[in-house]
Amino acid sequence: SPFPNSGFVPSLFDSPMERYVKARQSVQRFTLVQLGKCCFDMESDSPRYVVHSYNFFLFPSTLGIRDVEFSLSASSIQFLSHYGFDYNKFLKDGIPYMNEVQEKILRQRLLAGTWKVCSTADRDVMKKAIDEVTSWIAAAKEEDTMILQDLNGYHVLDVQLVLRQALENVWTEPLGDKKVMVKKVSPQHRQLLENSSYDHCQKTLILLSARGFTNLFQILVKAKKPLVGHNMLMDLMHLHDKFYRPLPESYEEFKRNIHNLFPVIIDTKTVTKSVQKKCLFPRVSSLLEVYAVLCSSNLNPKGPPCPVIALASGCSRYAEKESPHEAGYDAFLCGSVLLMSAHLLLCRSTDGAVEADPSFSQYLTVLAEHVNKVNFIRGGVSSINFSGEDAPCRHPPALIVHVRGWPGLTERQIYQVFKARCHFDVRRLSKNQFILLSNKYKHVRLVLRDYRHHPHLQVSVYRHWRHSPSVNCVLQ
């Protein structure tokens, strides 16, 4: 949609800050359902990269913090279902995660003993467990045990915490991921066990479990390795919001935070745009299409071949079958596209005079102009620069439409008028004036030519000093 105020929709009128405000609202409403991670390790004795690919199903942590609410759009559900997304795995086995603010709340509640079960379904499970144990414990002797069966993974911890909080003469231990052993003990024995290494409910272990995937995120942050993605602005916003801190209101603060977390970011969308300009590369848009072209095309007949990219044993499924829009597979595509694109750019920059086994540092050198520049879809800049100022985008000139003898015309109606010939984003300037923006020069020329003598719509090139209402107000 080309119209403002219609939800999170990219517009050519968007500045980076305006786009961030739109996207922030969307990110705060929706959750992550899956995250892919691929590690590319270059072997020391051969020119090949071994790929370890991982696909994580995620689900917001429900352990002791306010019940998390999120949205799922119908179109997204249909899209993921079409590509075989396993919703049962997401809902039942999703790895928990939390950001620093949520972790702080949980830590405070654990220390204060005000930990609570939030979900109604969870409360039913807890009530059933307490009823079973209280019925059993009345006749049980010290050191007698019973087993609670058929618990989901995160219920194993919840049940233990609730039982220990409710009954001072029980001790609990997990048995795998679906059972809990309950033992009747004296309060004195219980106190000794709580301070021992046998306690599976130590606060540090609870926090470790509740953080879930966030533990891995923190390891990645500490490693400071290059982070590679494709069209990754929304990905970075979700990483910030879900695993670090809630997204700040300030766009510049968001940029600083991301740069501190990941000093080297490479967006393969930005890189492949450069490849398309410098090489005879067909115009393709999706990541899978780019990967297919790079694998099949002989774009570099004179230079040395690209290093071999081999999936490690245990990760060979992606070599046998395409799995588009599965996060782990998309991560594999991102890394592969980056290596192949960097190799192609390196060969072009040296006119083919490249050593047989280029190092990754050589690839980073040729990619330097793209580092920390994340693609910006349809907007006022071509990319977002996470280590500096954003570069303005070179769009065709804006057009202004003066409406005469056609009262009550709306932005949508203006769009429909021009839609038959070309596509413009539309924004109202005043009661009878609208600005049109396009990213194609031929569309601007076409409209200026064909609407020269239109009875109701006078179209001309927009001049800020002539047409801006704020400038006119000052001049008057």
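The values are calculated or read from the model by the stated rules, or taken from the named source; none is laboratory data. Everything quoted here is computed from the prediction, not taken from an experiment. We place every Cβ from the backbone using ideal geometry, glycine too, and count neighbours over all the protein chains shown. Protein only, heavy atoms only, side chains kept; ligands, DNA and RNA dropped before computing areas. Shrake-Rupley method; radii C 1.70, N 1.55, O 1.52, S 1.80 Å.
Descriptive notes on the structure:
- Residues (closer than 21 Å to I384 by Cβ, in contact with a strand residue (DSSP E or B) (Cβ under 9 Å, 6 or more places away or on another chain) and hydroxyl-bearing (S, T, Y)) located in region 325-370: none
- Residue list for region 25-60, filter: assigned to a loop (DSSP other than H, G, I, E, B) and either within 30 Å of Q108 (Cα to Cα) or at pLDDT 90 or above (or both): T31, L32, V33, F59, P60
- Being under 30 Å from G36 (Cα atoms), open to solvent by less than 30 Å² (accessible area, probe 1.4 Å) and either of a type in the set (A, V, I, L, M) or at pLDDT 90 or above (or both) is a description that applies to L151.
This table checks each residue for (1) of a type in the set (S, T, Y); (2) touching a strand residue (DSSP E or B) at 6+ places or on another chain (Cβ under 8 Å); (3) under 13 Å from M340 (Cβ atoms); (4) not assigned by the TED database to the domain that holds F40.
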| site | (1), (2), (3), (4) |
| --- | --- |
| T214 | yes, yes, no, yes |
| G229 | no, yes, no, no |
| L239 | no, no, no, no |
| P246 | no, no, no, no |
| F262 | no, yes, no, no |
| I265 | no, yes, no, no |
| T272 | yes, no, yes, no |
| E289 | no, no, no, no |
| L299 | no, no, yes, no |
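- Positions within region 222-277 being part of a loop (DSSP other than H, G, I, E, B), touching a residue at least 24 places away in the same chain (Cβ under 8 Å) and of a type in the set (S, T, N, Q), in sequence order: N231
- Subset tally (residues that are open to solvent by 30 Å² or more (accessible area, probe 1.4 Å), of a type in the set (D, E, K, R) and either on the phi > 0 side of the Ramachandran plot or in contact (Cβ under 8 Å) with a residue 40 or more places away in the chain (or both)) for region 19-36: 2
- Pairing each residue of region 182-196 that is touching a residue at least 12 places away in the same chain (Cβ under 8 Å) with any residue that is basic (K, R), provided the two are 6+ apart or on different chains, yields C-beta distances under 7 Å for K184/K141.
- Residue within region 363-370 that is farther than 20 Å from S46 by Cα, in the same structural domain as V308 (by the TED database) and not in a helix (DSSP H, G or I) present: yes
- Scanning region 303-325 for residues that are among the basic types (K, R) and touching a helix residue (DSSP H, G or I) at 6+ places or on another chain (Cβ under 8 Å) returns no hits.
- Selection within region 83-95 - closer than 18 Å to G36 by Cβ and either part of a helix (DSSP H, G or I) or not hydrophobic (A, V, I, L, M, F, W, C) (or both): Y83, G84, D86, Y87, K89, F90, D93, G94
- Hits in region 347-362 - residues which are crowded, with 20+ Cβ neighbours inside 10 Å and either at pLDDT 90 or above or part of a helix (DSSP H, G or I) (or both): C347
- Condition met for K273 (closer than 25 Å to P60 by Cα, surrounded by 15 or more Cβ atoms within 10 Å (Cβ to Cβ) and out of contact with any His (no Cβ under 8 Å at 6 or more places or on another chain)): no
- S286 being surrounded by fewer than 22 Cβ atoms within 10 Å (Cβ to Cβ), at negative phi and at pLDDT 95 or above: no
- Residue in region 297-311 that is among the polar types (S, T, N, Q), open to solvent by 50 Å² or more (accessible area, probe 1.4 Å) and more than 22 Å from Q362 (Cα to Cα) present: no
- Scanning region 424-444 for residues that are in contact with an Asp or Glu (Cβ under 8 Å, 6 or more places away or on another chain) and open to solvent by 30 Å² or more (accessible area, probe 1.4 Å) yields R427, R428.
- Restricting K127, K104 to residues that are modelled with pLDDT under 90 and surrounded by 12 or more Cβ atoms within 10 Å (Cβ to Cβ) narrows the list to K127.
- Summed over region 416-441, residues that are part of a helix (DSSP H, G or I) and farther than 22 Å from H464 by Cα total 4.
- Screening L63 with (1) part of a loop (DSSP other than H, G, I, E, B); (2) open to solvent by 20 Å² or more (accessible area, probe 1.4 Å); (3) not assigned by the TED database to the domain that holds E389 gives one miss only, at (2).
- Region 176-208 - residue that is in contact with a strand residue (DSSP E or B) (Cβ under 9 Å, 6 or more places away or on another chain), hydrophobic (A, V, I, L, M, F, W, C) and within 18 Å of M126 (Cβ to Cβ) and, of those, modelled with the lowest pLDDT: C201
- Boolean, L409 is surrounded by fewer than 18 Cβ atoms within 10 Å (Cβ to Cβ) and either touching a residue at least 40 places away in the same chain (Cβ under 8 Å) or not in a helix (DSSP H, G or I) (or both): yes
- For region 222-250, the tally of residues that are open to solvent by less than 20 Å² (accessible area, probe 1.4 Å) and either under 17 Å from P263 (Cα atoms) or of a type in the set (F, W, Y) (or both) stands at 6.
- Residues of region 446-465 that are open to solvent by less than 50 Å² (accessible area, probe 1.4 Å) and of a type in the set (S, T, N, Q): S460 alone.
- Subset of region 371-382 [in contact with an Asp or Glu (Cβ under 7 Å, 6 or more places away or on another chain), open to solvent by less than 30 Å² (accessible area, probe 1.4 Å) and either at pLDDT 90 or above or among the aliphatic types (A, V, I, L, M) (or both)]: V374, N375, V381
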